[in-house]
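First up is the structure itself, then whatever we jot down about it.
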Amino acid sequence: MALRGLWLVGHEQGSCGTVLFSRRYPTVEKRAKCLNGASYVAVPEDGPFLKALLFELRLADEDQSFIERRDGCSRINKTSVYALQTESGELWPVVAFQKSGLVYVGLPLVEQPLAPRPPLISISGVSQAFAVLSGLLAFMNSSQKSKAERTSKIGQLPGLLMQSCPLGTPLDMNLNGSSLESNHVAPSSHPQKPPAWRTSTYKGKPQVNVCITEKVKSVQYDKRDVSDMWQVYGTVTCKCDIEGTAPNVTISLNLPANGSPLQDILAHPCVTSLDSAVLTSSSVDVMDDSAFSGPYKFPLIPPADPFDLCFYTSQVPVPPILGFYQLKEEESQWKFTVHLKLHESVKNTFEYCEARIPFLNRGPITHLEYKVSYGQLEVAKEKSLLVWVIGQKFPKSLEISLSGTVAFGALNQEQQIDPVCTGNTTYIKLYFRILDFTLTGCYTDPHSIQVFSSGKPKISTARELLSSDYYIWNSKAPAPVVYRTLLF
């Protein structure tokens with residue numbers, strides 16, 4: 001990563017523009033000629049370069065008319081990166097922006113051929129050029145009150161660039177004008193450069209918040225030749241309000257003795273290191289019974305905003321709610337039966353729990369008789385939907401049931417249409433949420449969270465289990481399946 005040249009151009013409104021300072025790097029230019037090959041375009045002298053620059057930036061007073069190549073919709077520029085038309089060809093990418101009567105210009109080295117033109121995101125020198133020009137902007141704007149002071153600062157630029165950008169290679173230096181005394185540039189006073197994801201620093205009382213959210217998916221058939229399926233997907237969300245440029249935090253996830261190991265762990269880029277055992281546990285390896293069971297430690301430099309620390313999956317031994325659903329037609333009416341059982345290992349305290357029974361591709365409900373052992377049944381006739389509100393707790397037996405008969409009117413345009421649920425192929429879908437509980441048993445011990453900074457942080461943790469695509473299909477009808485179990 002290097003720069004082929006730097007320019008500082010003065011341009012006040014109504015003036016023609018003047019090159020106040022320029023610096024070229026012949027060694028970098030030789031590298032550009034070698035790396036760019038046939039697409040190489042030489043850097044012109046200051047006069048032609050200034051003319052091409054002012055024309056491209058629409059700062060040339062002699063030509064303000066519309067020019068398709070420059071002003072057309074296909075050339076809308078949002079990145080401050082320009083292509084200058086010179087006698088040798090198109091000079092690209094030229095980084096330039098205007099501030100307080102000055103135009104800051106840089107030409108980064110592109111370490112590949114320029115034809116076809118590579119995407120900007122693949123050219124690391126562009127961001128380096130922006131960084132150097134931003135430093136020059138901070139230096140020129142610091143304590144500048146008159147033209148004499150501006151002239152003095154321009155005179156200091158050769159010494160500044162000699163130390164901050166030797167031979168065209170930018171260094172990690174602080175270009176603040178207060179650190180420049182007698183042409184001396186001091187290194188940055190920060191002992192550690194903040195990472196790219198930490199865009200701001202926090203000031204205030206330190207605190208760390210960690211929340212584990214697990215979503216369980218399930219498809220149940222109540223059939224001998226089709227296996228029921230279920231899986232857990234977890235997300236660990238964090239918010240770390242810690243002072244410092246790059247504070248170090250270690251967050252640990254723990255499992256009880258009978259917990260289900262975490263698999264397919266995907267960590268945030270802010271995590272600085274991970275045990276190989278954390279990354280190698282995969283749900284694809286069904287024959288592997290040596291999965292890592294924790295603790296799962298994540299050393300990190302946290303971003304300033306809330307972020308997802310990691311994602312994971314897990315194969316738990318049983319679904320939280322097991323059930324069956326039966327629907328069949330008897331004498332122009334449909335008879336249905338639903339039975340649900342909460343597993344004994346699941347916390348029997350719900351924020352909400354309900355089962356929705358849609359009757360798709362049918363008319364509105366015209367007749368309903370039912371018997372429910374627990375909870376209450378609500379009817380949405382216009383949607384042909386039954387909502388079984390179970391509430392916040394299962395009974396002591398952990399088993400509940402619903403049965404009844406239902407009849408429908410003629411199908412109209414307002415009714416729901418589904419190409420899969422034809423005939424008596426239908427399902428019930430469960431919705432529930434349990435606070436302070438995870439199906440894997442995963443939790444965060446506040447005492448295991450380590451924060452390497454001044455002050456004792458306030459630490460809060462939470463966890464929850466949510467249903468997601470939790471289906472129980474009618475066992476009296478064919479249902480969509482991914483695969484079938486082979487019986488021997």
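In summary, helices (runs of 4 or more DSSP H) completely within the stretch 50-168 and bearing 3 or more residues that are modelled with pLDDT of 85 or more and open to solvent by less than 40 Å² (accessible area, probe 1.4 Å) occur at 124-141, 147-164.
From the residues in the stretch 356-368 that are assigned to a loop (DSSP other than H, G, I, E, B) and closer than 19 Å to LYS429 by Cα, which one is most open to solvent (accessible area, probe 1.4 Å)? Out of the qualifying residues, it is ASN361.
Among the residues of the stretch 394-401, are any outside any strand (DSSP E or B), open to solvent by 70 Å² or more (accessible area, probe 1.4 Å) and either over 30 Å from TYR312 (Cα atoms) or of a type in the set (A, V, I, L, M) (or both)? Yes, the conditions are met somewhere in the stretch 394-401.
Elements of the type strands (runs of 3 or more DSSP E) sitting completely within the stretch 251-355 and holding at least 2 residues that are in contact with a Lys or Arg (Cβ under 6 Å, 6 or more places away or on another chain), surrounded by fewer than 13 Cβ atoms within 10 Å (Cβ to Cβ) and modelled with pLDDT of 90 or more: there are none. In the condition set (1) over 15 Å from ILE472 (Cα atoms); (2) in contact (Cβ under 8 Å) with a residue 24 or more places away in the chain; (3) among the hydrophobic types (A, V, I, L, M, F, W, C), ALA380 is compliant with all but (2). Looking only at the stretch 405-416, decide whether some residue is within 30 Å of PRO261 (Cβ to Cβ) and surrounded by 13 or more Cβ atoms within 10 Å (Cβ to Cβ). The answer is no; no qualifying residue exists. Within the stretch 369-382, the residues that satisfy the criterion of being outside any loop (DSSP other than H, G, I, E, B) and crowded, with 16+ Cβ neighbours inside 10 Å are VAL372, LEU377.
The values are calculated or read from the model by the stated rules, or taken from the named source; none is laboratory data. On a predicted model such as this, the values are computed, not experimentally measured, just so you know. Note that we place each Cβ from the backbone using ideal geometry, even for glycine, and neighbour counts take in every protein chain shown. Accessible surface is based on the protein model in full, side chains and every heavy atom, while ligands, DNA and RNA are left aside. Shrake-Rupley method; radii C 1.70, N 1.55, O 1.52, S 1.80 Å.
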